[in-house]
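Rule-based calculations on the coordinates, nothing more; no lab input. It should be emphasised that the depicted structure is a prediction, and the values quoted were computed from it without experimental measurement. Don't worry about glycine lacking a Cβ; one is built from the backbone with ideal geometry, like all the others, and counts go over all protein chains shown.
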Number of protein chains: 2
Amino acid sequence: MALIVQKYGGTSVGSPERIRQVAARVAAERRRGSDVVVVVSAMGDATDELFALAYRISEDPRRRHPRELDLLLSAGERVAMALLAMAIRECGVEALSFTGSQAAIITNGAHTVARIEEVRATRVREELERGRVVIIAGFQGVSRDREVTTLGRGGSDTTAVALAAALGAARCEIFTDVDGVHTADPRRVPGARKLERIDYDEMLELATSGAKVMHARAVEIGARYRVPIHVRSSFGEEEGTLIVGRETGMEDLVLTGLASESGHARLTLCGLPSGMGPTSQVLSRLAAAGVSVDMVAQADRADGRRQLQVTVREEALPEAREICGALVTELGAERLEERAGLARLALVGSGMHGRPGVYARAFEVLLEKGIEVYGLSTSSISIALLVDAANETAALECLHEAFGLGGER
Amino acid sequence: MALIVQKYGGTSVGSPERIRQVAARVAAERRRGSDVVVVVSAMGDATDELFALAYRISEDPRRRHPRELDLLLSAGERVAMALLAMAIRECGVEALSFTGSQAAIITNGAHTVARIEEVRATRVREELERGRVVIIAGFQGVSRDREVTTLGRGGSDTTAVALAAALGAARCEIFTDVDGVHTADPRRVPGARKLERIDYDEMLELATSGAKVMHARAVEIGARYRVPIHVRSSFGEEEGTLIVGRETGMEDLVLTGLASESGHARLTLCGLPSGMGPTSQVLSRLAAAGVSVDMVAQADRADGRRQLQVTVREEALPEAREICGALVTELGAERLEERAGLARLALVGSGMHGRPGVYARAFEVLLEKGIEVYGLSTSSISIALLVDAANETAALECLHEAFGLGGER
């Protein structure tokens, strides 16, 4: 019998009424003959409310009390999973719920940002064999020294895909409040189209570039263990988007989709001495302070000196500015320039590899609209561009149009 | 170093501000040099809110989904314990929290009404040895097959006293919203006086007779393991009431205190055939249906037939009425009479044993006030009387006065 893992997010289980709707859907799937494992998030804003309580006790619970914060936050999914199990049982289908610890979702000990190391799931398998639906708290696990941990952002998606991998599920269904993955954010680009399929690498690029529909960590696990992931709406019956491996022989499309994210900033160290040393020092000093650098670009000037550009998230700007400012003095450079308020656009498509025209076309289109590009980077399946955040929507719209992402294909 | 177990109820940790006040008190105790274990209830109405959610999913979650209900309810203490641990750490005292399962509070498998079988508390001891304050979720445990259980009414008190017994604590302090145990409920009897000490048996009688200050189960464990229990207010520094073993050589006082509880009812089976058979049938039929009988009285009539009176809680009255009605027909008795709306008064005092005047005095006082008694029972340290609920307060007041419970002694 096929095993299906279904994951429902906080909005989908936001009230007792919605929990009953989810229960009806799960019961129907079970009655169709599938074995079903369900992963749930906390109800609605429950996690935010627990955070708010913690902030009324401590200014920085995440750093000061990570172990206790995890115990606190894990209460949210516990409530949702128990209620959902009750609701499924009320539909006449046998069901029971497990915490991350009971389901043996084993993580490392990094509280609030734990990573799954192993899914033992012995009790889950036993209960499935007894014909029961098993509900599992998303977002949480247990470390090898029996401490409750949480997985951080995207935690419930990660739990679901990791369980699907460990149990050898036929597929993992991610039920959410949107109906699938789109060629661009439909709230920004009205012509955006829902994708029927997308491959893991493309989805990973979109997810790491600001597409909110699914978290990158979960996609990575899906790709590694080849778990087909179906992203779909919990409020309807339509098919969503299937995330799968790339099919060989299939004609690759140039672009699959766009994603974007504001809140980026660029620092330029002007007139650095030449050679690799200074660049290396800048990067390692930033890394040592825990500042993540996104794009790096350097250019030699006619006078032999060099311009070095790095981009960071705006949250990290104060720290990055201080470090780079000190290095400008230390290394005898000329000055530090700064540009904040940037948005990062990502053009994603496994077909762009080996088609150099994509770059040129993107620049051409933005130039036509008078939108300046402040930085760029590429991978084999994506191009990222920095523009003023004020131009984010306009840039997405003209690129979406230019690459023919709307309409049928 | 002396080990103290402190228990704080829901009102005491009802908001982040109150949690900070509790933390300050715990930190002060730790700084005075004690080892401290803290047991907490869920914040304010949290448990009621979780129940309300369950009732929006199911009409009878307690019977239909006891396992899931326990998982749900256990989230309440988890929130309180984590926040309290953070707050204590914010006071500069090392602390960490454990769930009932982590603290190895081992119970039987009776969901929603589990009983503690063993307290292993190895992790608790380890952390105490490291000098940390340990916070433990009250009201919850784990069964031998690793299921989360809850202890039912009075659960957090029970957790606290059981931990104090297992850890060999010097005392168990029960912090609550009243300042101790009184000679009668101060809201009903204005002259009621706070007791400095009371012995376990007396406290047990008061607790089982409606005194809300502490739950009988916890007192029983205290008595069995001789744990001194200190009941006191979490909103002040005054001493409360110490519950301890009876001191030999001490002159016993006639009465220690009064308690009362409304919601009792009496059924009279009139004209039963003589002999033990019918009475035995009535009692076993009620027991088989799960109806608890409080008082039983029988009287032979001149005609050789018998009147049998039983008292039950009003909640059980419909079921008891049906059973007794059927038995009246079956056994060829005359009729069933019923009187609901009764209150049960308890006069408690280890000194009443061997002093027959107490009974007489109580009747005399009630007669003077025109208060009729509908049933009575006695133990070696208490007398229980049933009166109309409308007379509950008047009866308490005149008995309190008659036995000189107010004022200094």
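With the simple spin-label model, which puts each label point 7 Å out from Cα in the Cβ direction, the A:A28 to B:E364 separation comes to 7.8 nm. Summary for A:R32: label point 7 Å along Cα→Cβ; distances to the equivalent points in the other copies, ascending, 6.5 nm.
Semi-axis lengths, largest first, of the ellipsoid equivalent to the protein assembly as shown are 67, 33, 20 Å, with √(5λ) applied to each eigenvalue of the Cα gyration tensor.
Label reach from A:D60 (point 7 Å along Cα→C-beta): in the range A:289-306, amide nitrogens under 19 Å belong to A:289-292.
Spatial offset of the range B:219-235 relative to the range A:317-335 amounts to 64 Å, using the alpha carbon center of each. Note on chain B: the C-alpha convex hull projects to 22.4 nm² when averaged across all orientations.
How large is the charge dipole for chain B, taken about the Cα centre, if only the Cβ atoms of Lys, Arg (+1) and Asp, Glu (-1) carry charge, to the nearest 20 debye?
On the way: 49 positive and 57 negative charges, 185 e Å.
Approximately 880 debye in magnitude.
Computed from backbone phi, the HN-Hα couplings of the range B:93-100 come to 10, 5, 7, 8, 10, 10, 6, x Hz, rounded to whole numbers (Karplus: 6.51 cos²θ - 1.76 cosθ + 1.60, θ = phi - 60°; Gly and Pro given as x). Under the criterion of Cα pairs below 8 Å and six or more residues apart, the relative contact order for chain B equals 14 percent.
Taking the number of Cβ atoms within 10 Å of each Cβ as an exposure proxy, the fewest-first ranking of B:D157, B:D294 is B:D294, B:D157. Overall, the protein assembly as shown carries a charge dipole of about 1240 debye about its Cα centre when +1 sits on the Cβ of Lys and Arg and -1 on the Cβ of Asp and Glu, all other atoms neutral.
Build a GNM of chain B with springs between Cα atoms under 10 Å apart, and of B:V348, B:V312, B:V40 the one that fluctuates most is B:V312. Starting from one equal scatterer on each C-alpha and no solvent at all, send me the Debye-based log10 I(q)/I(0) for the range B:326-409 at q = 0.13, 0.23, 0.26 Å⁻¹, two decimals. Once normalised to I(0) and log-transformed, intensities are -0.50, -1.11, -1.32. Relative to the other identical copies, B:E94 shows label-point distances of 4.8 nm, where the label point lies 7 Å from Cα along the Cβ direction and values run shortest first. Residues within the reach of a label modelled at B:C270 (point 7 angstrom out along Cα to beta-carbon, backbone nitrogen below 18 Å), restricted to the range B:292-321, are B:297-311, B:321. Shown here for the range A:295-332: GluC sites (Glu not before Pro) in loop regions (DSSP other than H, G, I, E, B) with at most 10 other Cβ atoms within 10 Å, of which there are none. Counting lysine pairs in the protein assembly as shown that sit 8 or more residues apart in sequence, or on different chains, and whose Cα atoms lie under 18 Å apart gives 4. The trypsin sites (Lys or Arg not before Pro) of the range A:267-340 meeting both criteria, a DSSP state outside H, G, I, E and B (loop) and at most 13 other C-beta atoms within 10 angstrom of the site's C-beta, are A:R301.
Determine Rg/Rh for the range A:3-177; Rg is computed over alpha-carbon atoms and Rh is the Kirkwood hydrodynamic estimate from the same atoms. Write out the running numbers ahead of the final one.
Numbers: Rg = 15.4 Å, Rh = 15.8 Å.
Using only Cα positions, Rg/Rh for the range A:3-177 is 0.97.
Between A:A170 and A:R313, the simple spin-label model (points 7 angstrom out along Cα→Cβ) gives 3.9 nm. When chain B is turned onto chain A, the axis of that turn runs closest to one Cβ of chain B, and that residue with its distance in whole Å is B:A75, 2. The GluC sites (Glu not before Pro) found in the range B:100-198 that occupy coil by DSSP, while having at most 16 further C-beta atoms within 10 Å, are B:E196.
Computed with the Debye formula from one identical point scatterer per Cα of the range A:257-402, without solvent, the log10 of I(q)/I(0) at q = 0.10, 0.21 Å⁻¹ comes to -0.38, -1.22.
Across peptide B:86-92, what mean number of C-beta atoms from other chains lies inside 10 Å of a residue's C-beta?
Partner Cβ neighbours, averaged per residue: 5.
Each other copy holds its own label point for B:R301; taking that point as 7 Å from Cα along Cα to Cβ, the gaps run 11.7 nm, nearest first. Highest mean first, the peptides B:200-207, B:87-94 sorted by other C-beta atoms within 10 Å per residue fall in the order B:200-207, B:87-94. Principal-axis analysis of the Cα atoms of chain B puts helix B:216-225 at an angle of about 70° to the longest axis. Taken about its Cα centre, the range A:127-225 carries a charge dipole of about 160 debye when Lys and Arg each add +1 at the Cβ and Asp and Glu each add -1 at the Cβ.
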